[in-house]
Amino acid sequence: MPSHPLTPSFEPAAFETKIYEYWEQNQCFRASDTNAPGQKSFSMVIPPPNVTGVLHMGHALTNTIQDILVRWRRMHGDNTLWLPGTDHAGIATQAQVEKAIAKEGKGPSGRPLTRHDLGREAFLARTWKWKEEHGSQITFQLKRLGSSLDWSRERFTMDEGCSSAVREVFVRLYEEKLIYRGERIINWCPRCQTALSDLEVIPSERKGSLWHLIYKIVDEKGNAVLNPDQSEAQVVIATTRPETLLGDTAVAVHPEDERYSHWIGKWARVPLPGGGLSRTVPVIADTYVDREFGSGALKVTPAHDFNDYDLGKKHGLAVLSVMGKDGRISADGGPYSGLKFSEAREKVLLDLNELGLLVRTEDHQHKVGLCQRCETVAEPIISKQWFVQIQPLAQPAIDAVKEGKIQFSPQSWEKTYYEWMNHIRDWCISRQLWWGHQIPAWYCDLCEGITVDRQTPRACVHCQAVGSHLRQDEDVLDTWFSSGLWPFATLGWPEKTETLETFYPTSILETGFDIIFFWVARMIMMGLHFMGEVPFRKVYLHAMVRDEKGEKMSKSKGNVIDPLKIVDVQGADPLRFTLAIMAGQGRDIKLSMDRVEGYRAFCNKLWNAVKFFHLQLQPQQGGALEEPFQGLVEEPVEGLENWIEKNYRELDGFNQWILLRLQKLIPVVEGGFQNFEINLSAQALYEFTWHQLCDWYIEFSKLSLKAGGRQRVETIYTLRFVLEKLLRLLHPLIPFVTEELWQSLP
RNA sequence: UGGAGUGUAGCUCAGUGGGAGAGCAUCCCCUUCACACGGGGAGGGUCGUAGGUUCAAUCCCUAUCACUCCAACCA
């Protein structure tokens with residue numbers, strides 16, 4: 001180990017890059033495929049950032065925490081693997097590339113270039129190129145942060161291995177009848193032109209109206225039913241989406257609602273002008289209807305509302321689809337066909353008003369689902385998609401947590417997990433995108449049968465038609481389908497590798513609570529199903545990083561703090577220490593630059609403490625250590641630790657004092673790392689370093705050091721021992737500066 | 001609607017059944033031989049509010065208020 005002089009003060013820019021190179025050259029982060037005798041393994045997979053992404057504060061936090069844990073275990077001698085990689089992030093990446101090509105020129109139509117102008121193959125080539133150019137960016141940024149990832153094992157969700165794992169899983173689930181293709185109600189983004197899973201739709205409050213419409217009651221022949229007073233019988237129905245009445249196939253009331261119960265079994269006329277649109281629909285009874293809300297009567301549109309879909313299924317109602325994928329009313333919508341949904345709403349209201357069928361309008365707050373990506377209102381429509389039948393996968397995943405095979409921290413998230421898992425709906429996994437894993441299903445143009453296979457099939461499994469009759473499904477899989485396999489796909493599955501044997505299940509998953517359902521739950525389900533074992537023992541969920549005012553960082557608010565700028569100016573260690581000490585659970589992290597600067601000062605303090613030690617070894621300070629002992633004390637030939645143990649009783653009181661404090665510090669720091677209370681470790685180390693070591697011990701030691709003789713020598717040994725221990729304890733938190741200081745020691 | 005979390009000094013946050021803390025900010029002093037990214041000192045808080053348990057509560061219990069987040073099928 002080289003020793004070298006130190007700069008006058010802590011200047012991270014002078015050594016951080018050099019230190020990381022040193023680690024890489026010495027393969028410090030390489031895991032071994034097999035454990036040495038008696039050695040334990042410790043493994044984590046990185047939550048793969050989007051391949052086109054840029055490191056933000058959330059990444060900085062999760063990767064700092066993970067790095068702390070993995071360095072800690074590595075220093076304890078475990079065979080540690082922290083596996084790096086990136087996610088292809090289907091829709092996000094595709095949107096970025098589409099944006100880029102739109103800027104580049106115009107297509108034949110005179111409009112900006114779209115992916116359709118390029119064609120699938122060229123567009124994908126283009127996206128791969130984009131990936132090559134941008135994918136390394138985040139890799140580089142993780143290194144700046146000091147992340148001790150085993151880069152020799154870097155993976156990508158669309159690389160050869162992950163892709164074959166995806167096909168393997170798809171085929172097996174299909175064979176087990178847990179993947180099916182079906183026409184069902186799904187969320188559709190008219191702008192992105194793709195299906196979305198429930199999770200990709202974000203409910204959001206909108207100011208809207210509640211329109212009260214008249215539905216006349218009729219008999220089975222369509223003749224008006226009269227009230228006792230000879231007026232025409234009717235029900236008023238309140239709706240927030242009047243345009244959907246084009247797809248109404250029933251009116252529902254509560255069975256015990258005295259206002260309406262006598263109409264059950266009769267019919268209601270959907271209030272629209274003639275032209276075939278004015279239909280009669282049955283009046284049905286269901287306790288689902290809330291008597292208190294609106295008028296207490298409900299129109300049922302199975303094709304365009306999830307609840308209505310369920311209701312329709314229960315009552316065997318027709319499913320009348322009136323909205324298309326282009327966000328417009330479909331062809332059979334009479335005078336409304338071709339209109340956008342919003343336009344159709346206006347026209348329906350106008351028409352009804354004219355007919356005197358709109359009785360009342362009131363303001364109403366309600367929730368609409370927005371596309372997670374583009375914030376367009378997502379529409380429930382009927383569409384043919386691929387689904388995972390999730391119940392059989394969910395139950396074991398629930399049990400695994402209940403039985404404690406996986407522990408969440410903070411534990412309170414387990415409740416939320418159960419809640420979601422218990423109400424889970426089948427997972428729509430097909431996306432109408434190009435960037436992603438194309439679905440390994442082929443359709444036969446002769447028999448229309450589906451062939452699902454790991455490779456391109458030679459023939460249709462149903463009619464044996466040759467390959468040229470087969471056409472692969474054009475859709476790709478939801479990005480989260482492949483990330484769900486991440487913990488075992490990256491370790492070599494479906495091959496039975498040593499790596500998999502050694503490192504699965506992984507030890508800890510560290511991530512944000514915002515992706516418990518997207519990612520964590522699916523990994524648990526997939527891991528249990530395909531590996532027969534949980535993918536990780538512990539799930540650590542960290543807090544959200546916010547700005548100083550406690551607001552969420554977002555580009556639009558302009559309050560984003562770029563972690564890399566902090567790394568450039570203050571250094572990676574101060575940022576890491578700040579995040580670590582603020583990462584207490586159950587509280588959001590409000591990042592303030594004052595704190596970062598404070599911990600930069602802390603690094604400087606540590607720096608100077610070591611510098612102080614160096615100075616003591618210089619001849620002008622009263623004698624170098626090379627020829628110093630002259631029999632004053634026994635030399636530490638068997639290492640400092642032994643020496644301290646042997647000579648502890650003989651030492652000066654203040655030397656004993658600092659050793660005692662150090663001894664008390666160690667379990668606190670270890671406990672913090674062990675129990676995912678890293679902030680406690682950081683706090684204790686800060687306190688010890690500054691106030692005990694620097695403020696008291698070093699100040700006091702100056703007397704002994706000046707005194708010379710035995711006092712001086714034993715103090716140098718003690719100081720060195722304490723510094724070495726301290727550097728090791730601090731290393732997981734602030735690896736760069738501790739490494740630099742460690743190497744400086746003679 | 002249900003669930004969770006938070007509320008402690010001006011700001012950001014630790015913390016514990018018996019003495020109320022740190023960093024930053026403020027004020028004063030100190031360029032003393034590791035460090036001015038420093039040292040010494042000062043001011044500043046009825047630990048959200050109201051009850052209860054206890055010899056004793058900021059910490060435990062109950063209620064209440066405020067803020068935040070999560071889940072959700074009220075058209």
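The values are calculated or read from the model by the stated rules, or taken from the named source; none is laboratory data. Bear in mind that the values here come from a model prediction, so they are computed numbers and not experimental data. Reconstructed Cβ throughout: ideal geometry from the backbone, glycine too, with neighbour counts over all protein chains shown. Each accessible area value is taken on the protein alone, full model and side chains, heavy atoms only, with ligands, DNA and RNA left out. Shrake-Rupley method; radii C 1.70, N 1.55, O 1.52, S 1.80 Å.
Summary table
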{"item": "Out of A:T376, A:T416, sole residue that is more than 16 Å from RNA strand B (Cβ to nearest atom) and open to solvent by 20 Å² or more (accessible area, probe 1.4 Å)", "result": "A:T376"}
{"item": "Considering residues of region A:135-144 that are touching a residue at least 12 places away in the same chain (Cβ under 8 Å) and more than 20 Å from the chain's Cα centre (by Cα) only, the residue nearest to A:I46 (Cα to Cα)", "result": "A:K143"}
{"item": "All strands (runs of 3 or more DSSP E) inside region A:404-484 with 1 or more residues being hydroxyl-bearing (S, T, Y)", "result": "A:407-409, A:441-444, A:450-452"}
{"item": "Single unsatisfied condition, A:G672 versus (1) within 47 Å of the chain's Cα centre (by Cα); (2) touching a residue at least 24 places away in the same chain (Cβ under 8 Å)", "result": "(2)"}
{"item": "Boolean, A:V218 is hydrophobic (A, V, I, L, M, F, W, C) and under 51 Å from the mean Cα position of the chain (by Cα)", "result": "no"}
{"item": "Residues (assigned to a strand (DSSP E or B) and surrounded by fewer than 23 Cβ atoms within 10 Å (Cβ to Cβ)) located in region A:72-84", "result": "A:N79"}
{"item": "Among (1) at pLDDT 95 or above; (2) small (G, A, S); (3) over 24 Å from A:A489 (Cβ atoms), the one test that A:S43 misses", "result": "(3)"}
{"item": "Within region A:36-55, considering residues that are open to solvent by 10 Å² or more (accessible area, probe 1.4 Å) and under 18 Å from A:V70 (Cα atoms), the one nearest to the chain's Cα centre (by Cα)", "result": "A:P47"}
{"item": "Residue within region A:188-204 that is more than 11 Å from RNA strand B (Cβ to nearest atom), aromatic (F, W, Y) and either over 30 Å from A:T456 (Cβ atoms) or without any contact (Cβ under 8 Å) to a residue 40 or more places away in the chain (or both) present", "result": "no"}
{"item": "Residues (open to solvent by less than 30 Å² (accessible area, probe 1.4 Å) and either of a type outside the set (S, T, N, Q) or near RNA strand B (Cβ under 6 Å from one of its atoms) (or both)) located in region A:293-308", "result": "A:G296, A:A297, A:K299, A:V300, A:P302, A:A303, A:H304, A:D308"}
{"item": "In region A:653-688, the residues that are touching a Phe, Trp or Tyr at 6+ places or on another chain (Cβ under 7 Å) and either of a type in the set (S, T, Y) or within 11 Å of RNA strand B (Cβ to nearest atom) (or both)", "result": "A:S681, A:A682, A:Y686"}
{"item": "Some residue of region A:491-499 being within 29 Å of A:Y180 (Cβ to Cβ) and not in a loop (DSSP other than H, G, I, E, B)", "result": "no"}
{"item": "Considering residues of region A:258-278 that are open to solvent by 10 Å² or more (accessible area, probe 1.4 Å) and within 47 Å of the chain's Cα centre (by Cα) only, the residue farthest from RNA strand B (Cβ to nearest atom)", "result": "A:L277"}
{"item": "Tabulated pairs, region A:410-427, first more than 21 Å from A:L196 (Cα to Cα), second open to solvent by less than 50 Å² (accessible area, probe 1.4 Å) and of a type in the set (A, V, I, L, M), C-beta under 6 angstrom, 6+ apart or interchain", "result": "A:W413/A:L541; A:E414/A:V401"}
{"item": "Test: residue in region A:56-63 that is modelled with pLDDT of 95 or more, of a type in the set (G, A, S), under 25 Å from the mean Cα position of the chain (by Cα) and over 30 Å from A:F613 (Cα atoms)", "result": "no"}
{"item": "Single unsatisfied condition, A:R425 versus (1) within 16 Å of RNA strand B (Cβ to nearest atom); (2) open to solvent by less than 70 Å² (accessible area, probe 1.4 Å)", "result": "(2)"}
{"item": "Matching residues, region A:500-516, being open to solvent by less than 10 Å² (accessible area, probe 1.4 Å) and either of a type in the set (A, V, I, L, M, F, W, C) or part of a helix (DSSP H, G or I) (or both)", "result": "A:F503, A:L509, A:I516"}
{"item": "Residues of region A:564-592 classified as outside any loop (DSSP other than H, G, I, E, B), open to solvent by 20 Å² or more (accessible area, probe 1.4 Å) and either more than 9 Å from RNA strand B (Cβ to nearest atom) or of a type in the set (D, E, K, R) (or both), total", "result": "5"}
{"item": "Meets criteria (open to solvent by less than 30 Å² (accessible area, probe 1.4 Å) and in a strand (DSSP E or B)) for A:I381", "result": "yes"}
{"item": "Residue selected from region A:1-32 under the condition open to solvent by 60 Å² or more (accessible area, probe 1.4 Å) and of a type in the set (D, E, K, R), by the criterion farthest from RNA strand B (Cβ to nearest atom)", "result": "A:R30"}
{"item": "Any chance A:I185 is touching a strand residue (DSSP E or B) at 6+ places or on another chain (Cβ under 9 Å), in contact (Cβ under 8 Å) with a residue 12 or more places away in the chain and open to solvent by 20 Å² or more (accessible area, probe 1.4 Å)", "result": "no"}
{"item": "Any helices (runs of 4 or more DSSP H) falling wholly within region A:107-187 and containing at least 1 residues that are farther than 28 Å from A:I381 by Cβ", "result": "A:120-144, A:160-175"}
{"item": "Of all residues in region A:226-257 being in a loop (DSSP other than H, G, I, E, B) and under 26 Å from A:F341 (Cβ atoms), the one that is most open to solvent (accessible area, probe 1.4 Å)", "result": "A:R241"}
{"item": "Matching residues, region A:455-499, being within 29 Å of A:M531 (Cα to Cα), open to solvent by 80 Å² or more (accessible area, probe 1.4 Å) and not aliphatic (A, V, I, L, M)", "result": "A:Q455, A:T456, A:E495, A:K496, A:E498"}
{"item": "Counted residues, region A:576-599 - those being at pLDDT 80 or above, among the aliphatic types (A, V, I, L, M) and in contact with a Lys or Arg (Cβ under 9 Å, 6 or more places away or on another chain)", "result": "2"}
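One line per residue, one yes/no per condition, for (1) part of a helix (DSSP H, G or I); (2) in contact with a helix residue (DSSP H, G or I) (Cβ under 6 Å, 6 or more places away or on another chain); (3) open to solvent by less than 40 Å² (accessible area, probe 1.4 Å); (4) hydroxyl-bearing (S, T, Y):
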| position | (1), (2), (3), (4) |
| --- | --- |
| A:L659 | yes, no, yes, no |
| A:G672 | yes, yes, yes, no |
| A:F676 | no, no, yes, no |
| A:E699 | yes, no, no, no |
| A:K706 | yes, no, no, no |
| A:L727 | yes, yes, yes, no |
| A:F736 | yes, yes, yes, no |
| A:Q743 | yes, no, yes, no |
